[in-house]
Amino acid sequence: MNVEKGYVNAPIDASLDLRSEILRLKKERNAVIMAHYYRRPEIQEIADHIGDSLALAQLAAKTDAPVIVLCGVHFMGETAKILCPEKTVIVPDLSAGCSLADSCPADEFKKFVDAHPDHIVVSYVNTTAAVKALTDVVVTSSNAQKIVNALPRDAKIIFGPDRNLGNYIKSTTGRKNMLIWDGACHVHEQFSIEKLLELRKEHGDAKILVHPECPKPIRIIADKVGSTQALLTYAKESESSKFIVCTESGILFQMQQQCPDKEFIPAPPEDGTCACNECNFMKMITLEKLYNSLLYMAPEIKVDAEVAREAVKPIKKMLEMSK
């Protein structure tokens, strides 16, 4: 077994029915498979639970399964392990990272926090465990507005790392004393306002769905700004039959599954190299890697015990405030 590349690099018999074998191994290991909405369709199809970052954290905290296979990016596996230190948490490819988390190195963020000791530190869940350990309360795009609104009105706040989500929350909550870390998600940064306006002109009856990690010009022309779960719910409940979607294209699978009679048009990236905007990290986990991870029970997420002790506090506070 070789895990040097971040995943179990072991040969697989080509005659195997991977789906059946994964289900067999899952039962044998007494494991639960969780997948983010942005994952490949075949991963979503085989998962026990599918959701956004908040839902996955809530599910991890509640599950009785001794083994969690988290088909998400690295920070999601860390969050599950922090909440469930007694469980085995596996991410089938540890090199599935996050550009947003990478934009907020813990040592630099600590200097920023130390320079503003009178501020409440609010960190987006898309951060490393080390950054969460420096945080007072974690948020997701689903609950950020609710949690920030629950803080004292005169509180001084540090919000990191996403500048687009931070500025969106600052405007929707009317907060004046909010310092925002200058980080961003490369996927949501790449949407083009020009191409989006062209799509709207071509599909005049389409509703525009936008994730709050997108820059302000994109958010301004949206019919709905919200988390992946909120956009999915809006599409299900809307009387409209056509939508232009400005977030990672993996959500289109669930949108089409849950709304088979509606049309979903992915907004393209600014460079126009493809018809939709994909996160390479989110597409790194395959059925082959999932199978090998269950077969060899690797690679396993590990979090430093001291970091985990501090990081669990703001995560649990988020879960409590999200009720």
Per DSSP H run of n ≥ 4, the term is -39500 (n - 2.57); total these for the chain, divide by its residue number, and report the mean residue ellipticity at 222 nm rounded to 500 deg cm²/dmol.
-> -11500 deg cm²/dmol
When the convex hull of its Cα atoms is projected in every direction, mean area for region 89-211 (nm²) | 9.9
Provide the convex hull volume over Cα atoms per residue for region 191-270, in Å³.
-> 75
Projected onto the charge dipole of the chain (+1 at Lys/Arg Cβ, -1 at Asp/Glu Cβ, origin at the Cα centre), which of Cys246, Thr135, Asn277 gives the Cα projection farthest towards the positive end?
-> Thr135
Region 76-120 and region 288-323: distance between their alpha carbon centers, rounded to Å = 10
Among bridges DSSP assigns within the chain, what percent are antiparallel (round to 5)?
-> 5
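Please sort by residue number the GluC sites (Glu not before Pro) in region 4-91 whose DSSP state is loop and whose Cβ has at most 10 other Cβ atoms within 10 Å.
Values: sites: Glu4, Glu21, Glu28, Glu42, Glu45, Glu78, Glu86; in loops: Glu4, Glu86.
Filter output for region 4-91: Glu4, Glu86.
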Mind sorting out which of [x] 20.3; [y] 23.1; [z] 21.5 is the real Kirkwood radius over Cα pairs in Å computed from the coordinates?
-> [x]
What residues have an amide H closer than 5 Å to that of Ile90, excluding those fewer than 5 places away on the same chain, when H is modeled at 1.01 Å from N in the peptide plane?
-> Ile68, Val69, Leu70, Ile301
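Read the figures in this text as sums done on the coordinates, not as results from a lab. Quick caveat, the model's predicted, so the values are computed rather than measured. Positions of Cβ are generated from backbone atoms using ideal geometry, with glycine treated the same way; all protein chains shown enter the neighbour counts.
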